[in-house]
Amino acid sequence: MDLAREQRRVLAATLVGTAIEWYDYFIYAQAAGLVLGPLFFSPVAQANPALAQILSFATIGVAFLFRPLGAFVCGHLGDRFGRKASLVLTLVLMGVSTALIGLLPTYAQIGAWAPVLLILLRILQGFSAGGEWGGAALMAVEHAPAGRRSLFGAFPQIGTPIGMILATAVLLTTTAAMPRDQFVAWGWRLPFLLSLALIVVGFLIRRSVEESPVFAEMQRRRRASAAPLAQLFKGHSRQVVLTALIFMANNAAGYLLIAFFISYGQKSLGLPPNALLTACTLAAFGWLGFTLAGGWLGDRIGRVRTFQIGYVALALWAVPMWFLIDSRSIGLFFVGIAVLTAPLGLSYGPQAALYAEMFPARVRYSGVSIGYALGSILGGAFAATIAQWIIATYDRSWLVGLYIAALALVSLAAVSAVRDPMGADLSADGGPGA
């Protein structure tokens, strides 16, 4: 692939920055499954450990509720003042809030203020994540040659599995380096504090990138909208709804891989935590590879067709994988989640290109960010909580698979309702309804 220097820099910046953002987000999700329940919900944990775990997973979902706010604010800023400034803002905000979680006192130290402060910092994480993805996706896609948009758009997408690999690898190293009681007492804080070092790296890389050429052209023509949000909902509300529904199933299944399976394997199946972290880390490499494959396929057979293949596969695998997971064999557990990464990647790789091509330039940041944020609420926000509740209530894990399969069919219908915009004009004058 012969790429210009600036294009290579953009790909590196979107990949590294997004990986750091999602490291921050995922380190929380995995800690919620391992230790945060007893530390921040102590009275509930003593009386009802299962309920404390549900509450711990629910704090993951709280952040998702504030993603749309981040998408509204950062999307508006990105459409008015540029993609680059919003990306730097979200990166710094995410890193600071993550590091502060690592410094929080627990319930035993300050009582009810501990979960309150935890939730407030989760809200800041959610706000940041809501504005992050749209900017990274557009920087990659708007710098891309027309025939490589889906592949370029896959680079911020693979930041997600890379963030998971980093998070699980750091947790694995930390748990392996100390006894369990030390990890619970203070070791869990180290992965959160590491975010400060990562944020400096991401900040320096993102500052070096030029503004999106599409936005730069809009500035030269003074075509930045005074009210991009009003224009978005006036003329493109259908696209916003479709983008939310398209993302729903992928995000729900992804958060089972990110946040739920480690906790379930440890607490319900009795599998060793370090073996579970290793299995999920290795599975994330599959997610990375299939996401790149999805981006590549999106440029060859179309964005919509690639999504359709991914969602059909997800619907078919969502139930059978539980029989491997519940075998109590770490090898079969790994096979179950590793196969899951194939439909996850195929329904994630072409997403940035598809979404960017569904909106005109003047509302594109707002449109893709808000659709993504709403889809994450419908999908991943409470997926781990719902899965925990289903198993606690019915004692049938395969019913979680039915839940994921149903979401996959809804997302399949939504993406099938889109006329593939492959090759759409992304310039300041182009795009649907421009």
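The values are calculated or read from the model by the stated rules, or taken from the named source; none is laboratory data. None of the values given here were measured: they were computed from a predicted structure. When we count neighbours, we look across all protein chains shown, and the Cβ atoms used for this are built from the backbone with ideal geometry, even at glycine. Please note that ligands, DNA and RNA were not included when accessible areas were found on the heavy atoms of the full protein model with its side chains. Shrake-Rupley method; radii C 1.70, N 1.55, O 1.52, S 1.80 Å.
Per DSSP H run of at least 4 residues, take -39500 (n - 2.57); add these up for the chain, divide by its residues and hand me the 222 nm value, nearest 500 deg cm²/dmol. Walk me through the numbers before you get to the answer.
Values: 23 runs with 330 residues, N = 434.
-24500 deg cm²/dmol, from helical runs alone.
Please work out the Cα center distance from region 231-264 to region 1-60, rounded to the nearest Å.
Each part reduced to its Cα centre gives a spacing of 17 Å.
Quick one: which of 336-346, 51-61, 247-257 comes out on top by average Cβ neighbours within 10 Å, and what's the full order, highest first?
The peptides rank, most packed first, as 247-257, 336-346, 51-61.
Scan around residue 422 for amide H atoms under 5 Å from its own, H built in the peptide plane at 1.01 Å from N, and keep only partners 5 or more places away or cross-chain.
Here 303 satisfy the definition.
In square angstrom, what is the accessible area per residue of the chain with a 1.4 angstrom probe? Numbers along the way, then the final one.
On the way: 15140 Å² over 434 residues.
Normalised by residue count, the accessible surface of the chain is 35 Å².
Of the peptides 355-368, 318-331, how do they stack up when ordered by the mean number of other Cβ atoms within 10 Å, highest first?
355-368, 318-331
Give me the percent of accessible area attributable to carbon and sulfur for region 362-412, probe 1.4 angstrom.
Result for region 362-412: 71 percent of the exposed heavy-atom area is carbon or sulfur.
Just want the answer: with Cβ charges of +1 for Lys and Arg and -1 for Asp and Glu, which residue in 27, 237, 277 is farthest toward the dipole's positive end in the chain?
Among 27, 237, 277, the one farthest towards the positive end of the dipole of the chain is 237.
Using the Karplus equation 6.51 cos²θ - 1.76 cosθ + 1.60 (θ = phi - 60°), what ³J(HN,Hα) coupling, rounded to whole Hz, does each residue of region 286-293 give in order, writing x for Gly and Pro?
Those phi angles translate into x, 4, 4, x, 6, 5, 4, 4 Hz.
What span do the alpha-carbon atoms of the chain cover on each of the three principal axes, reported in whole Å from largest to smallest?
Principal-axis extents of the Cα atoms in the chain, largest first: 62, 43, 40 Å.
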